[in-house]
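The values are calculated or read from the model by the stated rules, or taken from the named source; none is laboratory data. Just so you know, these numbers come straight off a predicted model, no measurement behind them. Here the Cβ positions follow ideal geometry from the backbone for every residue, glycine too, while neighbour counts run over all protein chains shown.
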Amino acid sequence: MDVWLLVSSFLFLKLCSASFHEQYRVPSYVDTKWESFVSGGTEYLIQNSLVTWENAMILCRGYHNATLAVVDTREKAEFLAEALSESQFDITAVWVGARRESAEDPAGYRWAPGMELRRTASDVLASERDENLNRRYPVWLNRTHVPVPEGGADCVALERVNHDRPVFLDLSCTLMRPFACQKEAQPAAQVSQVHIVRCRAGLYHLFNGKLTWHEAAAFCVLRGMTLANIASMKCLKKLGMTMLKNRPSMENAWVGAKGSLGKWTWIDTGVNLFQTPDLGDVSPSIWPPMRDRNNVKQSGCLQLDRHAAHSPVFMEARCDRKMQFICYEGSLSTKTQAPTPSDDFFYYILVKKRFYWQHAYENCLKMNGTLANLDNNDILVQLLLLMGENKEEPIEHIWISGRLNMTKDVFTDAISYAWYNPNNAKRIPDPKAFGDSTIGLYMPPWLDEEFNMDNSCLNLDRQDHLIGLVYGLPCETAQYSVCMIAMEVTNVIMQEKLITTSTDKTRLQQRFNQGNQKFRLQCNIETQYPALWNIVDKYLSSSYQVEKGLMQLQTL
């Protein structure tokens, strides 16, 4: 009898243990930046680093010796969404390994050649609350009415909605997101920096640890750099000389170009290796300095090869070879700034500084704009897109324009509450005040709560990707905000561009000192929000650049 009880207890404990691990996705390994989850012999690594899709692919292969996750079954998608919900990191979406070349790509989204990720009309959710969410694969988020981002939406993320249900999301490949890899293995090489070379307004870091090309690329990305783009003969020769004088000398090192099907490109810019650099110190006839320009291999990875008797040259090599490498730290002139989000009426400026509500409101006024207001659903969509698809990281909460008023009936002492927009003193419709006066007006998506003056400033939350929620918060809460600047503001600036002679410059100085608000507006926008100024500046004549520079020197 005692033996039976002992065996029964043992089996009970084993069954409980198994049920626990089946119900909750407990990470197998936890790091400060990534977690590991195992399912059916496959290990998924969720990396909490904000990178582009291309850099996610580089980090999976080079840092984890893995690939971006291939989520090609419903079971895998559900497992990964549950893992995200149980992760120590607050992550709602991760890059996965599917993409397409462009909107015109006949093969569509795919995990690999011949492995399609289907996307038909029946695969797209009617809404994020769709009951079919739990019964289909694949399921895509409905973005039919969302503007296609500049450059397309060609890369795929997996997002969890309703806490732990998986949906696929098509995004611009340049957005910064966490990512999921599968089949992790750490490189064991010992790496140390041996030299730093200053050239091309940046720094080249030479490392003597021997890694594969993909491992070297990942090593650079993790340290805020990129595998080196060498776009001038001057830098090429300086690096070659440094490699020669190192002890022991470095005969070759990985740099940041890769070839596929005869097309060789720099990975950080996408520029063709055979395109003559803009720096002007080399002729097209000798660029790039390949070891054998008449017999360039179709595929592989690029190394900088240096031998004592010859000038340094580029040379193709197998990507799995292990060698020393060079990282580059600095801004490349070929990179462009993302356009400021806008619609037909407003520019939307995300202010990534934590303000109390009143300070956020006044900050927008200084920009000749207003704190964002929810006058219609189109504005709500623009705000949610700005919060969820901005370049750096998703934003969950922002201040918007709304204050709570309390009134007391002098006869009955009854207290009533109403929200109003301080930008125009108009009432903001809410469910508690629904009546004839609100029919036909846009109703924001309110949280069901009782209003009180302790929470008298209006906040917008991003619940799921395009699901918003509005409610009151204490006004002394510090958080981000969004300013709306009307298109007419830029027209005011453009009317002031006709200043070309030295006499005009003197008059400009006088008018600025007199406090001309139009010029102050220009300086405010240009110095604080350069992306918005770029939109205005493209309309200005080149002769106006001197005046623009003059105004930058003023102290507001």
Quiz item: For segment 180-207, how many residues are touching a strand residue (DSSP E or B) at 6+ places or on another chain (Cβ under 7 Å), modelled with pLDDT of 90 or more and either among the acidic types (Asp, Glu) or not in a loop (DSSP other than H, G, I, E, B) (or both)?
Solution: 13
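Any chance you could count how many residues in segment 446-486 are of a type in the set (A, V, I, L, M, F, W, C) and exposed (fewer than 14 other Cβ atoms within 10 Å of the Cβ)?
Total meeting the criteria: 3.
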Practice problem: Count, please, the residues in segment 99-126 that happen to be acidic (Asp, Glu) and assigned to a loop (DSSP other than H, G, I, E, B). | Solution: 3
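Filter segment 382-422 down to the residues that are of a type in the set (D, E, K, R) and more than 27 Å from ILE349 (Cα to Cα), then identify the one that is surrounded by the fewest Cβ atoms within 10 Å (Cβ to Cβ).
Checking each candidate, the answer is ASP413.
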Exercise. Check segment 94-114 and report whether any residue there is buried (at least 16 other Cβ atoms within 10 Å of the Cβ), under 18 Å from PHE168 (Cα atoms) and either more than 21 Å from the chain's Cα centre (by Cα) or free of Cβ contacts under 8 Å to residues at least 24 places away in the same chain (or both).
Key: yes
Quiz item: Before we move on, is GLY270 closer than 25 Å to LEU59 by Cβ, out of contact with any strand residue (DSSP E or B) (no Cβ under 9 Å at 6 or more places or on another chain) and either surrounded by fewer than 18 Cβ atoms within 10 Å (Cβ to Cβ) or modelled with pLDDT under 90 (or both)?
Solution: yes
Exercise. Might you let me know whether segment 322-338 holds any residue that is in a helix (DSSP H, G or I) and at pLDDT 90 or above?
Key: no
Practice problem: Could you tell me which residue of segment 149-185 is surrounded by the fewest Cβ atoms within 10 Å (Cβ to Cβ), considering only residues that are of a type in the set (Lys, Arg) and farther than 24 Å from ALA103 by Cα? | Solution: LYS183
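For segment 360-373, does any single residue satisfy the condition of being within 23 Å of ILE349 (Cα to Cα), in a strand (DSSP E or B) and within 28 Å of the chain's Cα centre (by Cα)?
Yes, segment 360-373 has at least one match.
Out of curiosity, is TRP264 farther than 22 Å from GLY209 by Cα, crowded, with 17+ Cβ neighbours inside 10 Å and not small (Gly, Ala, Ser)?
Considered against the rule, which asks whether it is farther than 22 Å from GLY209 by Cα, crowded, with 17+ Cβ neighbours inside 10 Å and not small (Gly, Ala, Ser), TRP264 comes out as yes.
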Quiz item: For segment 219-228, what are the residues that are crowded, with 24+ Cβ neighbours inside 10 Å and part of a loop (DSSP other than H, G, I, E, B)?
Solution: ALA228
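For the subset of segment 404-415 comprising residues that are free of Cβ contacts under 8 Å to residues at least 12 places away in the same chain and not aromatic (Phe, Trp, Tyr), which member is nearest to GLU449 (Cα to Cα)?
ILE415
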Self-check item: Residue in segment 33-79 that is nearest to the chain's Cα centre (by Cα), counting only those that are of a type in the set (S, T, N, Q) and assigned to a strand (DSSP E or B)
Solution: SER49
Self-check item: Residues that are part of a loop (DSSP other than H, G, I, E, B) and among the aliphatic types (A, V, I, L, M), drawn from segment 153-175
Solution: ALA153, LEU175
